[in-house]
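Note sheet for the following structure.
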């Protein structure tokens with residue numbers, strides 16, 4: 001198994017610089033492939049505008065053929081100026097609740113990503129988190145590149161350094177940055193190594209930047225919450241195999257970080273997502289019928305009279321593959 005991971009790392013791990021933009025444009029024009037970029041957003045007025053502006057400037061405007069054909073921000077209920085800022089910067093803004101209104105929306109990032117398939121048309125769908133700072137368009141071109149140049153590749157994750165807090169200043173001084181990705185290192189990576197060792201080579205398995213062929217995405221179920229990245233990755237392995245998956249180094253990712261308790265809830269959702277896939281037999285050699293796990297998480301806060309328990313539900317709902325949704329199949333046929 002280790003040899004297989006090492007082979008995959010050598011064959012399916014690249015740098016964004018390996019595929020220059022002019023090469024990607026030539027391949028895109030020759031194949032007639034279309035690319036949609038989706039930014040799921042909730043109260044991201046401070047960063048979403050710059051991300052949209054950079055993508056428009058570098059990958060849409062002034063090129064012989066745009067690399068990005070569709071730039072969509074899906075607002076999942078922001079109470080700030082996210083929608084206004086994104087629209088002013090040049091994105092098409094769609095509210096989560098306006099997509100597939102027949103099915104009431106639930107809270108969660110995965111819910112937004114799932115619905116975005118109905119709000120976009122590209123052959124390749126590229127997801128970018130809306131809270132990134134100092135954003136570079138190579139986040140998009142880097143992960144879209146293998147899908148435009150290699151027909152065997154179907155799912156590409158970004159990999160990067162994730163400085164934690166102000167320690168990113170150490171990068172300029174040549175010092176090792178404090179690493180973010182705490183849920184990745186404490187939960188996701190151990191789960192993948194233990195149960196899906198073929199995925200052990202992914203540097204950022206929970207990263208929010210990835211590009212996927214629509215023909216694969218529409219066949220996958222979507223966990224509605226924080227488990228969506230792990231769920232899609234495991235299901236993609238199960239559906240198309242390791243050699244259809246890849247990763248691209250895009251440099252450094254700067255973004256806001258969650259509190260410890262928020263990370264605890266995220267970890268619980270990710271563990272629950274893994275448990276559901278183990279119960280379906282999506283881990284080689286693992287028996288079906290994994291024991292039921294209590295789908296809530298109790299955490300504690302100190303109050304005036306001592307510790308106070310706070311119990312939160314863990315995301316358990318999943319949306320079916322989009323190919324099972326009538327509105328999507330009707331539009332696809334049309």
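Just so it is clear, none of the values below were taken in a lab; they were calculated from the coordinates. Since this is a predicted model, take the numbers as computed values, not measurements.
Rounded to the nearest 500 deg cm²/dmol, what is the calculated helix-only ellipticity per residue at 222 nm for the chain, with -39500 (n - 2.57) per DSSP H run of length n ≥ 4? Mind dumping the intermediate values first?
Working: 11 runs with 117 residues, N = 334.
Helix contribution divided over all residues of the chain: -10500 deg cm²/dmol.
Pairs of alpha-carbon atoms within less than 8 angstrom and 6+ residues apart define the contacts here; what relative contact order does the chain have, in percent? Before the final figure, lay out the partial values.
Numbers: 615 pairs, mean separation 65.9, N = 334.
Reported as a whole number, the value is 20 percent.
Cα-Cα pairs above 26 Å in the range 2-333: how many percent?
Numbers: 26460 of 54946 pairs.
Summing the P(r) tail past 26 Å for the range 2-333 gives 48 percent.
Using a Debye calculation, one point per C-alpha and no hydration shell, please list log10 I(q)/I(0) for the range 176-240 at q = 0.13, 0.20, 0.26 Å⁻¹ in order.
For the range 176-240, the Cα-only Debye profile gives -0.37, -0.84, -1.28.
Just to be sure I understand: of the beta bridges DSSP finds with both ends in the range 2-333, what percent are antiparallel, rounded to 5? Walk me through the intermediate numbers first.
Details: 20 of 43 bridges.
Here the share of antiparallel DSSP bridges comes out near 45 percent.
Need one word for the range 1-67: rounded, prolate or oblate. Basis is the Cα gyration tensor (sqrt eigenvalues a ≥ b ≥ c); a/c below 1.5 gives rounded, then a/b vs b/c decides.
The shape class here is oblate.
With the cut-off at 1.5 for a/c, could you classify the range 12-136 from its C-alpha gyration tensor as rounded, prolate or oblate?
It is prolate, given that a/c is not under 1.5 and a/b is the larger ratio.
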